[in-house]
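Here is the structure we will look at, set down as structure tokens.
The values are calculated or read from the model by the stated rules, or taken from the named source; none is laboratory data. Note that the coordinates shown come from a computational prediction; the quantities given were computed from them, not determined experimentally. Every residue, glycine as well, gets a Cβ built from its backbone with ideal geometry; the counts of neighbours run over all protein chains shown. For the accessible areas, the whole protein counts, side chains as well, though only heavy atoms, and no ligand, DNA or RNA atoms are used. Shrake-Rupley method; radii C 1.70, N 1.55, O 1.52, S 1.80 Å.
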Amino acid sequence: MKSYTIAEINAVINGVVLGNTSNEINAPEQLEKATIHNISFIGNRKYAKLWSSSKASVAVIDKKIALEPGENRALIQVESADLAMAQILGFFNPGMPILDEEIHPSAVVHISAKLGANVHLGANCYIGKNVTIGDGTTIYPNVTVMDDSTIGMGCTIWSGTVIRERTIIGHQCIFHTNVSIGSDGFGFRPSPDGRGLVKIPQIGNVVIGNGVEIGANSCVDRGKFSSTIIGDGTKIDNLVQIGHNSILGRSCIMAGHSGLAGSVTLGDGVIIGGSASIKDHTTLHSGVTVGAGSGVMGDVAAGKTVLGYPACDSRDMLKQWVALRKLGKGA
Amino acid sequence: MKSYTIAEINAVINGVVLGNTSNEINAPEQLEKATIHNISFIGNRKYAKLWSSSKASVAVIDKKIALEPGENRALIQVESADLAMAQILGFFNPGMPILDEEIHPSAVVHISAKLGANVHLGANCYIGKNVTIGDGTTIYPNVTVMDDSTIGMGCTIWSGTVIRERTIIGHQCIFHTNVSIGSDGFGFRPSPDGRGLVKIPQIGNVVIGNGVEIGANSCVDRGKFSSTIIGDGTKIDNLVQIGHNSILGRSCIMAGHSGLAGSVTLGDGVIIGGSASIKDHTTLHSGVTVGAGSGVMGDVAAGKTVLGYPACDSRDMLKQWVALRKLGKGA
Amino acid sequence: MKSYTIAEINAVINGVVLGNTSNEINAPEQLEKATIHNISFIGNRKYAKLWSSSKASVAVIDKKIALEPGENRALIQVESADLAMAQILGFFNPGMPILDEEIHPSAVVHISAKLGANVHLGANCYIGKNVTIGDGTTIYPNVTVMDDSTIGMGCTIWSGTVIRERTIIGHQCIFHTNVSIGSDGFGFRPSPDGRGLVKIPQIGNVVIGNGVEIGANSCVDRGKFSSTIIGDGTKIDNLVQIGHNSILGRSCIMAGHSGLAGSVTLGDGVIIGGSASIKDHTTLHSGVTVGAGSGVMGDVAAGKTVLGYPACDSRDMLKQWVALRKLGKGA
């Protein structure tokens with residue numbers, strides 16, 4: 001573990017140093033758990049109270065918060081402690097596990113697959129026919145990539161993930177562990193005798209842009225026909241469901257356990273809170289925010305914030321909640 | 001990619017052709033994205049408006065919708081565009097990835113396992129002791145099937161799926177990627193000192209009928225004792241949880257993120273909407289429909305539709321929602 | 001399958017035998033499905049009615065329930081049929097699948113990994129650099145354990161599970177199939193041009209105590225920095241999401257589909273019902289119970305029970321539900 005002086009750290013975040021310390025710093029840590037070799041963060045007054053009892057030698061602090069560093073301790077004043085934290089985390093980042101071999105001998109790679117320069121492929125991976133993998137992409141052990149899929153440059157695919165046939169993935173994407181891309185959409189029709197269900201073939205695919213991140217155990221279904229599409233820079237958390245033929249714009253955010261039923265359209269910059277669900281065939285235009293736990297049953301105009309089950313304008317829903325609470329007290 | 005004339009396509013769906021086109025068709029596509037080599041679908045008037053600006057050379061159209069084909073373009077009138085679409089998707093289906101070898105040399109198959117004729121087993125699969133796999137079943141790479149399990153004929157098991165010991169699976173089933181079958185049910189009792197939890201052994205199994213489809217990253221827990229049972233023809237979407245000792249009838253549908261707590265009983269043809277949850281030890285009789293997002297806390301009589309959290313008759317819940325909206329406006 | 005006399009079974013549960021039977025017992029089974037070689041359980045009066053028509057030769061029965069055994073049949077009276085059931089399930093437990101080899105030849109184990117005595121490692125597992133695995137731990141096929149992780153003694157890791165780098169796991173833990181431990185937390189900040197999102201490095205880890213059980217397809221994210229922590233004896237069901245930097249106390253229970261957003265703190269013995277979600281940066285103190293389907297938006301004091309969306313004191317929420325139902329009837 002490397003150590004750094006306060007001057008070396010401040011060279012990264014360019015703050016104003018109050019006080020000083022000779023203790024070298026080897027990791028960020030929360031104030032309560034810090035040792036003298038840790039740096040911590042004070043982004044609001046709640047945390048400021050913990051500084052005097054913390055053992056951290058250094059903290060990054062929002063400049064609007066007044067605090068004394070104390071003896072052999074230092075505070076680094078910055079515009080935004082949160083932004084500086086992101087920079088410092090990068091500075092102390094131990095990096096991803098390094099695979100010793102480019103292609104592990106136990107990986108099974110079809111002879112027709114095309115691997116770019118500096119591709120790393122972990123143990124027990126399977127790469128199917130005509131798969132293309134771009135330069136600098138790392139695929140960790142036990143990943144499956146099926147026939148005719150394309151993965152761009154600089155991607156990271158973590159273990160346990162499965163990418164079904166004919167998927168197209170852009171550059172600089174990150175897929176976390178046990179992700180399912182391109183499974184069949186959920187489509188059935190009544191059988192001719194009316195007593196059962198017949199599978200509707202799901203012959204489309206999934207197309208994912210650049211800079212997309214998909215969380216652990218999340219699922220993106222292939223199109224019934226045509227494609228399920230995820231736009232550039234969209235970030236998806238764990239255990240999220242994206243139904244067939246949904247189309248997500250650029251830089252959307254979907255938090256854990258949220259889901260889109262089939263053929264949902266999201267504009268750009270749409271934010272969907274945890275455990276929220278969106279009905280099939282609805283459109284959420286650019287800039288929409290959906291509160292956590294909501295159930296959205298219809299289209300939402302650009303820039304609106306909706307909340308609740310069934311979801312409506314968030315201010316209206318908050319009023320409903322207040323009214324219901326009053327009503328309950330009268331009961 | 002093969003191409004077909006309009007006559008070859010109409011031989012499959014038996015419609016009435018209006019207009020004509022010499023353009024050959026190689027894929028279905030949505031009206032907005034279609035090229036001259038695509039066929040599209042017009043199942044309602046909303047889509048009819050897109051026909052004139054679409055580049056598609058052919059569309060299948062409900063016969064109740066009046067529309068002119070235009071020059072070198074054709075419309076195929078049918079009773080139901082949706083049903084015809086399912087047939088056309090089958091016609092253009094590129095099929096599943098084909099594994100070159102019956103048993104990939106990297107698959108680990110216990111010597112006591114019994115594999116039927118024309119079984120395909122992908123790279124890095126594990127097949128445990130006394131496992132039986134029926135004729136014509138395909139198991140894609142990185143699947144695990146544990147001891148004493150039985151898989152019927154004509155099944156497809158996609159990559160990343162794990163089938164725990166003593167599971168019994170019928171014929172023509174499809175398990176998508178990263179499915180978990182037969183994990184321990186969630187059962188604990190207070191420890192003798194009252195300060196902790198002791199695991200209750202989960203010694204039952206999972207029994208799955210014929211024609212069952214289970215979505216990506218879904219889970220079916222084994223019985224505490226006896227079996228968790230899924231009836232013939234039942235279809236389960238992604239990220240669904242089925243608790244121990246639940247019993248599902250025939251041709252049920254469970255949409256994404258829905259869940260059954262332990263010992264739930266579903267009759268035949270029960271439909272459970274996305275993200276809906278069913279309390280443990282409840283029974284939903286045949287033909288029940290549960291609306292998306294609902295939380296069902298008690299038994300539901302045959303044929304009823306319930307909705308909301310807590311769920312009640314859907315018409316009553318819609319009235320509650322209307323009343324609450326009014327109340328919010330007065331707040 | 002071994003068989004046991006009623007005397008051998010009663011030696012385990014120490015009850016009072018009414019009646020007698022010469023039939024040997026080879027498995028527990030539900031009353032409706034039992035044969036003469038089964039033992040069943042009668043924990044409440046609802047089940048007592050099924051006894052006369054059941055074929056089970058023996059049932060364990062709560063001593064407060066009066067019932068006649070009948071001819072060549074026996075009842076074993078105990079204080080708690082549920083507790084006796086747990087003991088009997090242990091007695092009939094067929095045990096976990098046994099791996100024939102300690103380290104399967106297809107497992108890929110980095111030369112720097114340290115494996116304890118009697119460790120079993122299944123086919124196609126990957127064990128990274130500097131991983132330590134304690135005595136008596138079993139890891140089933142197709143598991144991935146990444147660099148610098150530590151797994152304690154007597155653990156069971158089921159197939160498909162992925163443990164990311166620098167995870168620390170105690171003794172006697174059970175991780176079910178397709179679990180994701182240590183994936184990146186979900187953290188982004190606006191890009192400098194305000195039009196996109198930049199990943200915040202997630203450089204912390206996951207620390208899991210002793211006796212923890214984690215259900216199939218559940219996810220525990222690594223800390224942004226510092227650790228996500230799960231206390232001793234905590235039990236987590238399937239498809240559960242635990243966000244980065246959450247801290248769970250001892251002997252907590254989280255049911256299926258529940259989730260903690262980032263930086264949630266749970267005291268000891270907190271119980272979270274199925275599909276319930278907890279907002280980020282909230283604290284649920286020791287002994288809190290959260291009802292199924294709830295959305296908790298703020299801190300909850302020790303010992304309280306909360307319910308609903310948005311969650312409040314469960315008695316108040318029940319009143320709100322009653323009031324809303326009345327209101328709906330008036331609409």
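Out of the DSSP beta bridges found with both residues in the range C:145-267, what percent are antiparallel (nearest 5)? Before the final figure, lay out each step's value.
Details: 3 of 33 bridges.
Percentage antiparallel, nearest 5: 10.
Cross-linked pairs A:Lys326/B:Lys329; C:Lys279/C:Lys329; A:Lys63/A:Lys304; A:Lys199/B:Lys304: Cα-Cα separations exceed 23 Å for C:Lys279/C:Lys329; A:Lys63/A:Lys304; A:Lys199/B:Lys304.
Using the Karplus relation 6.51 cos²θ - 1.76 cosθ + 1.60 with θ = phi - 60°, the per-residue 3J(HN,Hα) values for the range B:131-140 come to 6, 10, 10, x, 3, x, 7, 10, 10, 6 Hz, with x marking Gly and Pro. Beta-bridge orientation, chain B: approximately 15 percent antiparallel, per DSSP, counting only bridges with both partners inside.
Burial of accessible area (probe 1.4 Å, heavy atoms of protein chains only) in the range C:213-229, relative to its chain alone, reaches at least 40 Å² for C:Glu213, C:Asn217, C:Cys219, C:Phe225, C:Ser226.
Rounded to the nearest 5, the antiparallel percentage of DSSP beta bridges internal to the range C:6-92 is 25%. Name the residues of the range B:85-122, by number, that are at least 50 Å² less accessible with every protein chain in place than in the isolated chain; the surface is that of heavy atoms, probe 1.4 Å, without ligands or nucleic acids. Those residues are B:Ala86, B:Leu89, B:Pro97, B:Val108.
What net charge do the residues around B:Ile65 carry, taking every other residue with its C-beta under 11 Å from that of B:Ile65, with Lys and Arg at +1 and Asp and Glu at -1?
Working: positive: B:Arg45, B:Lys46, B:Lys49, B:Lys63, B:Lys64; negative: B:Asp62.
Spelling it out: positives minus negatives among the neighbours equals +4.
Counting only other chain Cβ atoms within 10 Å of each residue's Cβ, the peptide A:124-130 averages 6.
Kindly provide the trypsin sites (Lys or Arg not before Pro) of the range C:115-217 that DSSP labels as loop, not H, G, I, E or B, and whose Cβ sees at most 14 other Cβ atoms within 10 Å.
Values: sites: C:Lys129, C:Arg164, C:Arg166, C:Arg195, C:Lys199; in loops: C:Lys129, C:Arg164, C:Arg166, C:Arg195.
Loop-located and lightly packed - C:Arg195.
Straight-distance candidates among the aspartates and glutamates for linking to B:Lys319, with alpha-carbon spacing under 20 Å and chain neighbours fewer than 8 residues away dropped: A:Asp313, A:Asp316. Let me test this: with uniform point scatterers at the alpha carbons of the range B:6-92, what is the Debye-based log₁₀ I(q)/I(0) at q = 0.11, 0.20, 0.26 1/Å? Evaluating at q = 0.11, 0.20, 0.26 Å⁻¹ gives log10 I(q)/I(0) of -0.22, -0.81, -1.54. Using heavy atoms of the protein chains and a probe of 1.4 Å, the accessible area assigned to B:His171 is about 70 Å².
Quick one: Kirkwood hydrodynamic radius for chain A, alpha-carbon pairs, angstrom, one decimal?
Working: mean 1/r = 0.0438 Å⁻¹.
So the Kirkwood estimate lands at 22.9 Å.
Express the carbon and sulfur contribution to the solvent-accessible surface of the range B:6-92 as a percent, rounded to the nearest whole number, probe 1.4 angstrom.
Values: 2180 of 4250 Å².
Ligands and nucleic acids excluded, carbon and sulfur reach 51 percent.
Close amide H contacts of B:Gly152 (hydrogens built in the peptide plane, cut-off under 5 Å, sequence separation of 5 or more or a different chain): B:Gly134, B:Ile169, B:Gly170.
Take B:Thr282: with every protein chain present and a 1.4 Å probe, its accessible area is about 10 Å². Its relative contact order, with pairs defined as Cα atoms under 8 Å and 6+ residues apart, puts the range B:126-227 at 23 percent. The residue list A:Asn118, A:Ile200, A:Thr177 was ranked by how far each Cα lies along the charge dipole of the range A:53-212 toward its positive end, using unit charges on Cβ atoms, and A:Ile200 comes out on top.
Determine the per residue accessible area of chain A with all protein chains present and a 1.4 angstrom probe, expressed in square angstrom. On a per-residue basis, 37 Å².
The residues packed around A:Ala292, meaning those with a beta-carbon under 12 Å from its beta-carbon, carry a net charge of -1 if Lys and Arg are +1 and Asp and Glu are -1. Taking θ as phi - 60° and the Karplus parameters 6.51, -1.76 and 1.60, the scalar couplings of the range B:183-198 work out to 5, 4, x, 9, x, 9, 10, x, 5, x, 7, x, 10, x, 10, 10 Hz in sequence order, x denoting glycine and proline.
Considering only protein heavy atoms, with the full assembly of protein chains and a 1.4 angstrom probe, order A:Ser106, A:Ser40 by accessible area, largest first. If you can, show how the numbers build up before the last one.
Values: A:Ser106 30, A:Ser40 0 Å².
Output order, biggest surface exposure first: A:Ser106, A:Ser40.
Of the whole protein surface, B:Ser52 contributes about 100 Å² of accessible area at a 1.4 Å probe radius. Per the Debye formula on identical point scatterers at the alpha carbon atoms of the protein assembly as shown, with no solvent, log10 I(q)/I(0) at q = 0.05, 0.06, 0.10 Å⁻¹ is -0.31, -0.44, -1.26. Using Cα-only point scatterers and the Debye equation, what is log10 of I(q)/I(0) for the range C:161-316 at each q in 0.21 Å⁻¹, rounded to two decimals? After summing over all Cα pairs, the log10 values are -1.27. The amide H of C:His120, built 1.01 Å from its N in the peptide plane, has C:Thr137, C:Thr138, C:Ile139 as neighbours under 5 Å, considering only residues 5 or more places off or on other chains. Projected label points at C:His281 and B:Met96, each 7 Å from Cα along the beta carbon direction, are separated by 4.9 nanometres. Computed 3J(HN,Hα) for the range A:245-256, one whole-Hz value per residue from the Karplus formula 6.51 cos²θ - 1.76 cosθ + 1.60 where θ = phi - 60°, is 6, 6, 10, 9, x, 7, 6, 7, 10, 10, 7, x, glycine and proline marked x.
Can you put B:Thr305, C:Thr138 in order of accessible area, largest first, using a 1.4 Å probe? Could the numbers behind the result be given before it?
Details: B:Thr305 55, C:Thr138 20 Å².
From most accessible down to least: B:Thr305, C:Thr138.
Quick check: net charge around C:Arg45, other residues with Cβ under 12 Å of its Cβ, Lys/Arg +1 and Asp/Glu -1? Summing Lys and Arg as +1 and Asp and Glu as -1 gives +2. Helical content alone sets the calculated 222 nm signal of chain A at -3500 deg cm²/dmol, taking -39,500 (n - 2.57) per DSSP H segment of four or more residues and averaging over every residue. Taking amide H as placed 1.01 Å from N in the peptide plane, C:Ile272 has its amide H under 5 Å from the amide H of C:Ile253, C:Met254, C:Ala255, C:Val290, each at least 5 places away in sequence or on another chain. For the range C:102-238, the share of accessible area belonging to carbon and sulfur comes to 56 percent (1.4 Å probe, ligands and nucleic acids excluded). A simple spin-label model places pseudo-atoms 7 Å from Cα toward Cβ; at C:Lys2 and A:Asn130 they are separated by 5.7 nm.
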